[in-house]
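These notes are about the structure you will find just below.
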Amino acid sequence: QVQLVESGGGLVQAGGSLRLSCAASGSIFGINVMGWYRQAPGKQRELVARITSIRSTNYANSVKGRFTISRDNAKNTVYLQMNSLKPEDTGVYYCNVDLWSAAYSPLSSYWGQGTQVTVSS
């Protein structure tokens, strides 16, 4: 089995910063893409940022220039540094990891439990 443990959410004033972490553990042979999604109340879950195994990155237009995604392959961990936070960044942030549990196993997708980020104006 695979577990994703997220941390780093909280309450911050507009203009502030937060750093989210997501550590994967368990039966892991290799990790492909790691990403962060968020869901605001009454809205669909949306991609915030993703990073591939060769560290190619993609960002939602709304966070470009403010958020930075990175990964530590030795620790099976993905980070999201969030700067210049805005009230519209408020939501539950979910970690998503695509990985292989064993050699020759299919690529599977896993989700973290979510961490709340609240930005006050």
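The values are calculated or read from the model by the stated rules, or taken from the named source; none is laboratory data. Only a predicted model underlies this, so the values are computations on that prediction, with no experimental measurement involved. Here Cβ is always computed from backbone atoms with ideal geometry, including for glycine, and neighbour counts include all displayed protein chains. These accessible areas exclude ligands, DNA and RNA; they are computed on the full protein's heavy atoms, side chains included. Shrake-Rupley method; radii C 1.70, N 1.55, O 1.52, S 1.80 Å.
Annotations
- Relative contact order computed over the chain (Cα-Cα under 8 Å; 6+ residues apart), in percent: 36
- Taking every DSSP beta bridge that has both ends in the chain, the antiparallel portion is near 90%.
- Here the 3J(HN,Hα) profile of segment 80-94, calculated from phi with Karplus coefficients 6.51, -1.76 and 1.60 at θ = phi - 60°, is 9, 8, 10, 10, 6, 5, 10, x, 6, 7, 4, x, 8, 9, 10 Hz, Gly and Pro shown as x.
- The fraction of accessible area contributed by carbon and sulfur in segment 72-114 is 53 percent, rounded to a whole number (1.4 Å probe; ligands and nucleic acids excluded).
- From phi via Karplus (6.51, -1.76, 1.60), per-residue ³J(HN,Hα) for segment 35-45 in Hz, x at Gly/Pro: x, 10, 10, 9, 9, 8, x, x, 10, 6, 5
- Segment 1-57: trypsin sites (Lys or Arg not before Pro) in DSSP loop, at most 14 other beta carbons within 10 Å: 43, 55
- Longest stretch of the chain clear of exposed loop sites (chymotrypsin sites (Phe, Trp or Tyr not before Pro), DSSP loop, at most 14 other Cβ atoms within 10 Å, sites excluded): 30-103.
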